[in-house]
Amino acid sequence: MRIISGNFKGKKLFLPKDKNTRPLKDIVKESIFNLINHSSKINLNIENSLVLDLFSGTGSFGIECLSRGSKNVIFFENYNEAIKILEKNLKSLKNVNNYKIYKQNFFNFFSSENYFDLNFDLIFIDPPYKEKRINEIIEKILEKKLLNKNGILIIHRHKKDNINITRKLRIIEDRNYGISRILFGN
């Protein structure tokens, strides 16, 4: 696993030793960023964007955003082994400090009175494939107005996942890459 483009292009990222974390494959990550950069349906410039990376795992998606010039990335992860790798990957990026890690469960954070006084340009949702509360995540994001008006929400699922995404989110692209299904919405 490596950083595909930007300031840290080619840098290898640390991977977990256990199988409880499913890092985003490079080919899928590259396809996502190609679509962001070249689709007429998506109007997003990664540079200077504010990014929320939910279920961050090793952080490969958010770190790719940092490498490509994002203004700030907020990572959410609650699995301790993944957090150790995430921190190690971020520390390996010398002089990068425009990020914050929330070491807690997304559902717990947003079911309390916690909130961000931020609107994100890009929100990436990559929960474990067994997680079925996708619509709860999306609706919480929309309810808390976390996504900018022109922002993009990206959801990573298994291609055989049959969850019907809430109609509150407008799906603008639905792509399969290998076993991954990537949904783009706003």
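Taken together, the values in this text are just the output of simple stated rules run on the coordinates, not laboratory data. All values reported here derive from a predicted model rather than from experimental measurement. Please note: Cβ atoms are built from the backbone with ideal geometry, for glycine as well, and neighbour counts cover all protein chains shown.
What is the fewest-to-most order of ASP174, ASP26, ASP117, ASP18 by other Cβ atoms lying within 10 Å of their Cβ? Intermediate values should be presented prior to the final figure.
Details: ASP174 12, ASP26 15, ASP117 4, ASP18 9.
Ranking ASP174, ASP26, ASP117, ASP18 by Cβ neighbours within 10 Å, fewest first, gives ASP117, ASP18, ASP174, ASP26.
Which order do THR58, THR166 fall in if you start with the one that has the fewest other Cβ atoms within 10 Å?
On the way: THR58 26, THR166 15.
Lowest count first: THR166, THR58.
Of all the Cα-Cα pairs you can form in segment 31-185, what percent are over 28 Å apart?
For segment 31-185, the fraction of Cα-Cα distances above 28 Å is 14 percent.
Counting only other residues whose beta carbon sits under 12 Å from that of LYS168, what net charge do I get with K and R as +1, D and E as -1?
Residues close to LYS168 contribute a combined charge of 0.
What is the order of HIS158, HIS38, fewest Cβ neighbours within 10 Å to most? Walk me through the numbers before you get to the answer.
Numbers: HIS158 14, HIS38 8.
Final ranking by Cβ density, sparse to dense: HIS38, HIS158.
Can you find, among GLY62, LEU50, ILE152, the residue sitting farthest towards the positive end of the charge dipole of the chain, where Lys and Arg contribute +1 and Asp and Glu -1 at Cβ?
About the Cα centre, the residue reaching furthest to the positive side is GLY62.
With θ taken as phi - 60° and the coefficients 6.51, -1.76 and 1.60, list the Karplus ³J(HN,Hα) couplings across segment 44-49 in order, rounded to whole Hz; mark glycine and proline as x.
9, 9, 4, 4, 6, 7
Add +1 for every Lys or Arg and -1 for every Asp or Glu among the other residues with Cβ under 11 Å from the Cβ of GLU47, and state the total.
Working: positive: ARG68, LYS71; negative: ASP121.
Local charge sum for GLU47: +1.
In sequence order, what are the phi-derived ³J(HN,Hα) couplings for segment 133-138 according to the Karplus relation 6.51 cos²θ - 1.76 cosθ + 1.60 with θ = phi - 60°, rounded to whole Hz, with x for glycine and proline?
8, 4, 5, 4, 5, 4
With θ set to phi - 60°, apply the Karplus curve 6.51 cos²θ - 1.76 cosθ + 1.60 along segment 53-69 and write out the HN-Hα couplings as whole Hz, x wherever there is a Gly or Pro.
10, 8, 6, 5, x, 7, x, 4, 5, x, 5, 4, 5, 4, 4, 8, x
Residue separation times 0.36 nm, minus the C-alpha to C-alpha distance between ARG133 and ILE27: what's the value?
35.5 nm
Evaluate the distance, in nm, between pseudo-label points positioned 7 Å from the Cα of LYS94 and of ARG167 along their respective Cα→Cβ axes.
5.5 nm
With charges only on Cβ, +1 for K and R and -1 for D and E, what is the dipole size of the chain about its Cα centre, in debye, rounded to 20?
In debye, rounded to 20, the chain gives about 440.
Any idea how far apart LYS71 and GLN104 come out in nm if each label point goes 7 Å out from Cα toward Cβ?
So the two model labels end up 2.5 nm from each other.
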